[in-house]
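So the structure is just underneath, and the comments pick up after that.
Bear in mind that the values in this text are calculations on the coordinates, not laboratory data. Not measured: the values here are computed from a predicted model. Because the Cβ atoms are built from the backbone with ideal geometry, glycine has one as well, and the counts that use them run over all protein chains shown.
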Amino acid sequence: MGTRPDIKRLQSRLDSYRLLVEEAKDYAIFLLDLEGNVTSWNLGAERIKGYRPQEIIGKHFSTFYTEEDRKAGRPERNLQHAFKEGRFEDEGWRIRKDGSPFWADVVITRIEDEQGNLIGFSKITRDLTERKRAEDEIRKLKEDLEHRVEERTAELKEANKILKQRTAEAEAADRLKSQFVSNVSHELRTPINAIIGYADLLKSEVYGPVAGEQREALEGIERNAGDLARLVNDMLDLAKIVSGKMSLERTQVNLGALIEAVAADLRPFSEKKGFPIRCVFERELPRIESDASKIKQILVNLLSNAVKFTDRGEITVRARKRGDRDGVEVVVQDTGIGIRPEELPKIFDPFHQVDGASTREYGGVGLGLAIVKELLQLLDGEIRVESTYGKGSAFTFLLPMRGQPDSTTPS
Ligand SMILES: Nc1ncnc2c1ncn2[C@@H]1O[C@H](COP(=O)(O)OP(=O)(O)OP(=O)(O)O)[C@@H](O)[C@H]1O
Ligand SMILES: [Mg+2]
């Protein structure tokens, strides 16, 4: 009674499955007999592999393998695998009718009848060439990138090595230079002192009377030898500081008293030129822990410049505590010739003097400020300058309340 409609329904379901298989365009779906010969061929198989059904039906499925794989017996082994295990899955190169390869995803499945007897195989193949190409591309890019990173790292390492080497070389050269300067300076000091000594002896007439013009000449010798001695001392100092051989002696320094003393030393020179040196301090100027002789040298160099480059007006030295910076600030201000803005960054360089005229007119060699800068660095301080050309200059330096513990004995 109910068999007819059942068969009909089954028939129509089979028809729709067949349609589904035959029309699937992105999958090659076909059947193989027991030996592996093609027995059915869908649209997808035709599209992917390029054979029309009449060209391929009856042919052995090994046609789709590469020659290499065929020689190695892979088609047979794959079929054997599907036979034994019920299913075989693989990804690999397959060949189209026109001989071009494509990257395939393959599934071979064993087909049995109702009694469980083997009647053949189904084979589903997908063309994954695009995916494979993209994957290969990504892998290549990744390898490329890794390679480039490796290369760059190696380059950087090499550059770093060279840089370290150069720095070491430069430091060695610097030490050698300082050593040379300090040796030469040292050797110069002895004969200079002898010259000054002999001139002094002559002047004091132990070898007989000295007439007016002779005395003037002797004073010329003394003056010039004195300049030379100062230059040699300055060079020696600078070389010592730069090579790290200048040691510090920290004590409690009364900065106010120190400034007064230096000002007093220089007053004869300013008064001779007709202007005063004034000192202005805060009442509560604290003592600082520092090296008094180094601070004295800084003050002498700044004040002697102020006196040298000023003709009228006055020189003022101010000192005050800087609560915000935990230090004491000293300003040496003059109403002298001033410095052009473009010269300001250079005046702390060794041997730099503003236009050659200044050398002839004012003397000196241009080491004073270089020494000031190096000494302040040694004392963990700092210096800055403000100046108006034709009106005057102000050199401001800051000293910390106490120095960094590790800089007391520079290496
Ligand atoms: N107070 C100042 N007013 C104007 N110019 C200045 C002043 N201080 C320094 N300079 C300029 O900076 C230059 C460098 O000063 P620095 O003290 O280093 O050398 P110097 O005084 O010429 O020689 P040295 O100090 O070795 O005797 C000076 O030659 C001068 O041109
Ligand atoms: Mg000077």
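Backbone geometry of the range 102-117 corresponds, through the Karplus equation with coefficients 6.51, -1.76 and 1.60 at θ = phi - 60°, to 3J(HN,Hα) couplings of 9, 8, 10, 9, 10, 10, 10, 10, 6, 10, 10, 8, 4, 7, x, 7 Hz, x marking Gly and Pro. In plain terms, the chain is cut at each of the chymotrypsin sites (Phe, Trp or Tyr not before Pro) found in a DSSP loop with at most 11 other Cβ atoms within 10 Å, and the longest leftover piece is 1-206. Its Cα gyration tensor gives the range 135-240 an equivalent ellipsoid, and the semi-axes of that ellipsoid, as √(5λ) in whole Å with the largest first, are 69, 11, 6.
The GluC sites (Glu not before Pro) of the range 6-83 that meet both conditions, a loop assignment by DSSP and at most 11 other Cβ atoms within 10 Å of the site Cβ, are Glu35. Between Gln179 and Arg87, residue separation times 0.36 nm minus the direct Cα-Cα distance comes to 24.4 nm.
Can you give me the convex hull volume of the Cα atoms of the range 3-127, divided per residue and expressed in Å³? Convex hull volume per residue, Cα atoms: 107 Å³.
Are there any GluC sites (Glu not before Pro) in the range 86-184 that are in a DSSP loop and have at most 16 other Cβ atoms within 10 Å? List them by number. Sparse-neighbourhood loop GluC sites (Glu not before Pro): Glu114.
Cβ crowding within 10 Å, taken as a proxy for footprinting-reagent exposure, orders Thr109, Thr316 from fewest neighbours to most as Thr109, Thr316. In this simple spin-label approximation, Leu118 and Ala24 carry label points 7 Å from Cα along the Cα→Cβ vector, and these lie 2.3 nm apart. Each residue of the range 143-157 was assigned a 3J(HN,Hα) from its phi angle through the Karplus curve 6.51 cos²θ - 1.76 cosθ + 1.60 (θ = phi - 60°); the sequence is 4, 4, 4, 4, 4, 5, 4, 4, 4, 5, 4, 4, 4, 4, 4 Hz, with glycine and proline shown as x. Along each principal axis, taking the top coordinate minus the bottom one, the Cα set of the chain gives 156, 50, 39 Å in descending order. Around the amide H of Arg96, modelled in the peptide plane, lie the amide H atoms of Phe102, all under 5 Å away and 5 or more residues distant in sequence or on another chain. Remark on the range 189-292: hydrodynamic radius 17.7 angstrom, per the Kirkwood mean of 1/r across alpha carbon pairs.
Beyond 17 Å, how much of the Cα-Cα pair distribution for the range 334-384 remains, as a whole percent?
Summing the P(r) of the range 334-384 above 17 Å gives 41 percent of all pairs.
For the residues Leu236, Leu376, Leu202, a GNM of the chain with alpha-carbon springs under 10 Å puts the largest fluctuation on Leu202. Its Cα gyration tensor gives the range 59-105 an equivalent ellipsoid. The semi-axes, each the square root of 5 times an eigenvalue, are 19, 12, 9 Å from largest down.
Its alpha carbons give the range 87-196 an Rg and a Dmax of 38.8, 130 Å. Equivalent-ellipsoid semi-axes for the range 258-411 (Cα gyration tensor, √(5λ), whole Å, largest first): 25, 19, 14. With helices as the sole contributors, the chain gives -17500 deg cm²/dmol at 222 nm; each DSSP H run of n ≥ 4 counts as -39500 (n - 2.57), and the sum is divided by every residue.
Computed from backbone phi, the HN-Hα couplings of the range 62-79 come to 5, 3, 7, 8, 6, 4, 4, 4, 4, 4, 7, x, 5, x, 4, 5, 4, 5 Hz, rounded to whole numbers (Karplus: 6.51 cos²θ - 1.76 cosθ + 1.60, θ = phi - 60°; Gly and Pro given as x).
Please give me, ordered by residue number, the trypsin sites (Lys or Arg not before Pro) of the range 187-248 that lie in loop per DSSP and have at most 16 other Cβ atoms within 10 Å. Qualifying residues, ordered by number: Lys245.
Using a Gaussian network model of the chain in which every pair of alpha carbons under 10 angstrom is joined by a spring, one finds that among Ser293, Ser304, Ser122 the greatest mean-square fluctuation is at Ser122.
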